[in-house]
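Read through the structure below, which is laid out as structure tokens, and then see the notes.
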Amino acid sequence: MSMDLRDSGSSGVGFAVLCVICAFAQLAISPNLNLFGGCANFALVLTACVAMSEGGSKAIITGFCAGLFFDLSTVGPMGLMCLELTVLGALVGASGRNRFAESPLALARVYALSAASVELAYQLCSVMVGHSGSLWDALVFRFLPGVFLDLVCFVPFAFFYLRQVTAGSSLGFGGKGRRGRFDTPGL
Amino acid sequence: MAGTDGRLPSGTLSSKQPGSDNRLALMLGAIALTLLVLSASGLGDGAFGALRTGFNVITTPIRQLGSLAGLPFQGVGNAVLNLTADQKTLSDLQQENELLAARNAELEEAEQTARRLEELLGVQSSYNLQSIGARVIALSTSSWQSTLTIDKGAGAGLAVGMPVIGVAGVLGQIVECYPTSSVVALLNDENSSVSAMVQASRAQGMLVGAADGSLRLSMVGTDQQVAVGDTVVTSGLGGVYPKGLPLGKVSSVERNSSQIYLEIGVSAFASATTNEEVLVVTSLTDEQKASADEVTQASAQDAAQAQQVVPATDATTGEAGQAEAQGAEEQTAEGGEQR
């Protein structure tokens, strides 16, 4: 039980650090990391990391808060990213699997699909609510570069999570590795 | 064992209460959807605007910090954009660049002109000159004369004999005046001469030009104190040039025991090639003319020099002595200027 508490504590700190890093990156790095008008979405990265490592209610709440943070930091429609990341957190986190323990290819596939869905939905909704004038521009100059940047920005986080899993430690950003707290008999 | 295959055990927090997770997701989803609807319909614009403003105020320092950290990444993005720019874009940008470069040169020219005019106004103001501004439109067209042409003439009230000054000092004197332009003989013109004096010692003389373009201060006796670096200014004798205008600086002084005058070389302050706008002095005030005392002093200096010349002429019966004595008399009588 004491092991449980210790891991919960370190997991909480790790989660907080992850949130701070992503918030800083969203505010400071993302506006300057611009490719063809598309920007990296660190709120998506945070939600995906939490959803793929822990899932459950934590992923849903993280998605909601990260989406709201994203909406506040942009001039797009309020609540759109919030809704999308809430749904993403719920869907990806619902499987209850630690996807960082799976093959990197499968992890990349899930993340790429998630990022593409979120970005596509965001751009389509932006066009529908009138925040983006041209569908072509939204898809070519925002959606595709946006997905590409999302993938690039996810790489360091994924690498860190995969290392934690390989090292068999549950310390860090709250990832539950192969030998994490769930391996403790009795849980 | 759940941990070994990467799947969470069935007893985890997230999978213990799937119903509650769904309810949470629905609830938060509904809130987000409400926000979206309010935002899209414009009903919540005021509240959202205030929220975003507050958020931006709080996060501005972080954004500023990020703009520094993001510079290298921004450079990479720009480089990629530049690589993928099409020919038309590059061509348009090149054309725009050329236009901007031309515009920039034009503005720099205008700025320099404004600065020069400002300096000329300063000269006009500091010497209290009654003058007319003119633009230099041509330099000497003949190698025999050192002249420049200005764009004002008799139509603007100019006349032959009026002195012309630049920012640094006296340039010369109008020698030909047409209705819309005038020709100015520069100080270093072979036919030019100006009543001048050494500012420090008040030694009077004539600043004359030479064929090689140099300036010489003549008629200054060997008993006068002149040193290299002394400033030479107009003396005001003759009533053509205002008194005290800078002419040049003494560049060399030669004392020859067989001569009664010093050989003084002068380098002019003003240059025709660096002046695009000039002032033509149209009239002089009483303060700008040489005072009676200064005329008397000049006469006394000339008389003293003439007395030195006569014995020398008697002794040598040379023509040079006669010529110098005649020159000294002319300086006092005419006050110099155009020969």
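Some points to look at:
- So residue B:211, is it at pLDDT below 85, under 30 Å from residue B:302 (Cα atoms) and not aromatic (Phe, Trp, Tyr): yes
- Count - residues of the range A:31-61 that are open to solvent by 10 Å² or more (accessible area, probe 1.4 Å) and farther than 23 Å from residue B:61 by Cα: 7
- Sole residue being more than 7 Å from every other protein chain (Cβ to nearest Cβ) and within 59 Å of the chain's Cα centre (by Cα), chosen from B:46, B:19, B:66: B:46
- The residues of the range B:87-105 that are modelled with pLDDT of 85 or more and not small (Gly, Ala, Ser), listed by number, are B:92, B:93, B:94, B:95, B:96, B:97, B:98, B:99, B:100, B:103, B:104.
- Screening residue B:178 against (1) touching a helix residue (DSSP H, G or I) at 6+ places or on another chain (Cβ under 9 Å); (2) crowded, with 20+ Cβ neighbours inside 10 Å; (3) over 18 Å from residue B:276 (Cβ atoms) leaves a single unmet condition, (2).
- Check on residue B:160, open to solvent by 10 Å² or more (accessible area, probe 1.4 Å), β-branched (Val, Ile, Thr) and touching a residue at least 12 places away in the same chain (Cβ under 8 Å): yes
- All of (1) within 19 Å of residue A:100 (Cβ to Cβ); (2) at pLDDT 85 or above; (3) hydrophobic (A, V, I, L, M, F, W, C) hold for residue A:13 with one exception: (2).
- Looking across the range A:17-30 at every residue that is more than 10 Å from every other protein chain (Cβ to nearest Cβ) and open to solvent by 10 Å² or more (accessible area, probe 1.4 Å), the one that is modelled with the lowest pLDDT is identified as A:17.
- Filter pass, residue B:226 being without any contact (Cβ under 8 Å) to a residue 40 or more places away in the chain, touching a strand residue (DSSP E or B) at 6+ places or on another chain (Cβ under 7 Å) and not charged (D, E, K, R): yes
- For the range A:32-57, a tally of residues being on the phi < 0 side of the Ramachandran plot and at the interface with chain B (Cβ under 7 Å from one of its Cβ atoms) returns 6.
- For the range A:71-93, the criterion of being open to solvent by less than 40 Å² (accessible area, probe 1.4 Å), outside any helix (DSSP H, G or I) and either basic (Lys, Arg) or within 18 Å of residue A:22 (Cα to Cα) (or both) is satisfied by at least one residue.
- Contacts under 6 angstrom Cβ, first residue in the range B:201-223 being without any contact (Cβ under 8 Å) to a residue 60 or more places away in the chain and β-branched (Val, Ile, Thr), partner open to solvent by less than 20 Å² (accessible area, probe 1.4 Å) and assigned to a loop (DSSP other than H, G, I, E, B), 6 or more apart: B:220/B:203; B:220/B:262; B:222/B:262
- As for the range A:118-134, it holds no residue that is touching a Cys at 6+ places or on another chain (Cβ under 7 Å) and either facing chain B (nearest Cβ under 9 Å) or modelled with pLDDT of 80 or more (or both).
The values are calculated or read from the model by the stated rules, or taken from the named source; none is laboratory data. If you're wondering where the values come from, they're calculated on a predicted model, not measured in any experiment. Positions of Cβ are generated from backbone atoms using ideal geometry, with glycine treated the same way; all protein chains shown enter the neighbour counts. With ligands, DNA and RNA removed, areas are computed over all heavy atoms of the protein, side chains included. Shrake-Rupley method; radii C 1.70, N 1.55, O 1.52, S 1.80 Å.
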